[in-house]
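To start, the structure itself, in structure tokens.
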Amino acid sequence: MEEDEKTTIMEETMLEQTKIVLKDIFRFDELLSKPEFQGKWIKARFNKNWEGYDFVDRYINSCPDFIPWILSRGGEKRSRNQVGEIQFQFIEVEYHKWLFVGAYLILEKDSQVHDNGVRYALAKRLEEYDKYVEKVLVNLTLPSRNWLYTNRQFIDHIEVNSVTATSYFDTNVQFPGFENLSLSYFDLKKQFYSPSWRYQLSSVYGVYVLTDMKTGKLYVGSAYGETGLFGRWSAYLANGYDKDEFEDSKYPNKRLRELVNTKGMEYIRKHFRYSVLEIFGKNELGKQKSLAREKYWKQVLGSRYPNGYNDN
């Protein structure tokens, strides 16, 4: 057995026995005691999704703008980066659960510019921490809107949820079948981009229902685009509503849009559930059936405003 694998398994066992915090896994003091890192300091960066940008989606799909965004400068008045800091980067994969995706030493502040205009730091990836990438999951409810931390007392004592021997994304949960497909936001997102799920969801047209578990309100919709249910639900996971999904050719998910604008994506991630009602073949007949059955389910489930989020 490889030494790194032995270490990971030992840490996983230790985690089961007692509460483990981040300093126990990453050994920050040991890192900073090395000659090449003396005078450096630790920063933890928790990358929150924002409208139009989903860090998990971009990470899974190896998008070229992922690294520029996690190392981005931010506002013009004050940079998020400082030369000499070691940034431990996390993305939110479940509600208040963050996955480690790499450690970077900042070499030059905001000297790089991506094709999309984002200014970001020149950084060296610390390969000694690659063995933990996608394997360390921490629990954290951000105490404020701030998501950048240099306070060692805070960083050191962030609670570790799990340390696994394999990637968080390698759980390979079998596609449950459309008749059993009903998942919370984060449970859906965890499996959504695996090849088998993408294939199944892209292969059909259908009618679905979104459930606000806090209020009980429903939104019924239909998917009949080129990428079927996958395309429609991709938009929901990213933005909370699909800007291209019009009701009676008038407005894009008006009530869902209002919900996102007033309560934010945090509300969607915490309270929404996604379920399939019916599926149809990807052809013209399937499209017409999807549209007809969408109207049927709106009536049956009472999803029209003000009882639900459908506006027609």
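Below, the figures for the structure above:
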| read-out | value |
| --- | --- |
| The chain, accessible area per residue, ligands and nucleic acids excluded (1.4 Å, Å²) | 49 Å² |
| 15 Å beta-carbon shell around residue 112, net charge (K/R +1, D/E -1) | +2 |
| Listed residues 115, 54, 130 arranged by accessible area, highest first, probe 1.4 Å | 115, 130, 54 |
| Per-residue SASA entry for residue 106, accessible area with 1.4 Å probe, Å² rounded to 10 | 0 Å² |
| Per-residue HN-Hα couplings for region 175-181 [Karplus 6.51, -1.76, 1.60; θ = phi - 60°; Hz; x = Gly/Pro] | 4, x, x, 5, 5, 10, 8 |
| For region 78-86, Karplus couplings with θ = phi - 60° (6.51, -1.76, 1.60), whole Hz, Gly/Pro x | 9, 7, 7, 10, 9, 4, x, 8, 10 |
| DSSP-defined beta bridges in region 160-312 - what % are antiparallel, rounded to 5 | 95 percent |
| Positive-end extreme of charge dipole, the chain - chosen from 93, 185, 210 (charges on Cβ) | 210 |
| Amide H contacts of residue 42 (H built 1.01 Å from N, under 5 Å, at least 5 apart or other chain) | 86 |
| Net charge dipole size for the chain [Lys, Arg +1 and Asp, Glu -1 on Cβ; Debye, nearest 20] | 1280 debye |
| Links that overshoot a 19 Å alpha carbon limit, given the list 217/282; 19/40; 97/135 | 217/282; 19/40 |
| All lysines inside 16 Å of residue 287 as judged from Cα atoms, apart from same-chain residues fewer than 8 positions distant | 295 |
| Protein-only accessible surface order, largest first, of 265, 213 at 1.4 Å | 213, 265 |
| Residues residue 139 and residue 79, FRET efficiency given R0 of 30 Å [Cβ-Cβ distance, rounded to 0.05] | 0.55 |
| Whole-percent carbon and sulfur share, accessible surface of the chain, 1.4 Å | 48 percent |
| Accessible surface, 1.4 Å probe, highest first, among residues 309, 59 | 59, 309 |
| For region 201-218, 3J(HN,Hα) per residue [Karplus equation, 6.51 cos²θ - 1.76 cosθ + 1.60, θ = phi - 60°, Hz, x = Gly/Pro] | 5, 7, 8, 9, 8, x, 10, 9, 9, 9, 10, 7, 5, 7, 9, x, 6, 10 |
| Cβ charges +1 (Lys, Arg) and -1 (Asp, Glu), total dipole of region 15-70, debye | 260 debye |
| Charge dipole magnitude, Cβ of K and R +1, D and E -1 - region 207-298, Cα centre, debye nearest 20 | 300 debye |
| Centre separation in Å (Cα based) which lies between region 255-281 and region 185-243 | 9 Å |
| Label-point gap, in nm, between residue 124 and residue 285 - each point 7 angstrom along Cα→Cβ | 6.5 nm |
| Computed [θ] at 222 nm, helices only, for the chain once each DSSP H run of length n ≥ 4 contributes -39500 (n - 2.57) | -9500 deg cm²/dmol |
| Accessible area (Å², 1.4 Å probe, nearest 10) - residue 141 | 90 Å² |
| Distance between region 97-162 and region 20-37 - C-alpha centres, whole angstrom | 14 Å |
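The values are calculated or read from the model by the stated rules, or taken from the named source; none is laboratory data. Please read these numbers as outputs of a predicted model, since none were measured by experiment. So basically every Cβ, Gly included, is an ideal-geometry build from the backbone, and we count neighbours across all protein chains shown. Accessible surface is based on the protein model in full, side chains and every heavy atom, while ligands, DNA and RNA are left aside. Shrake-Rupley method; radii C 1.70, N 1.55, O 1.52, S 1.80 Å.
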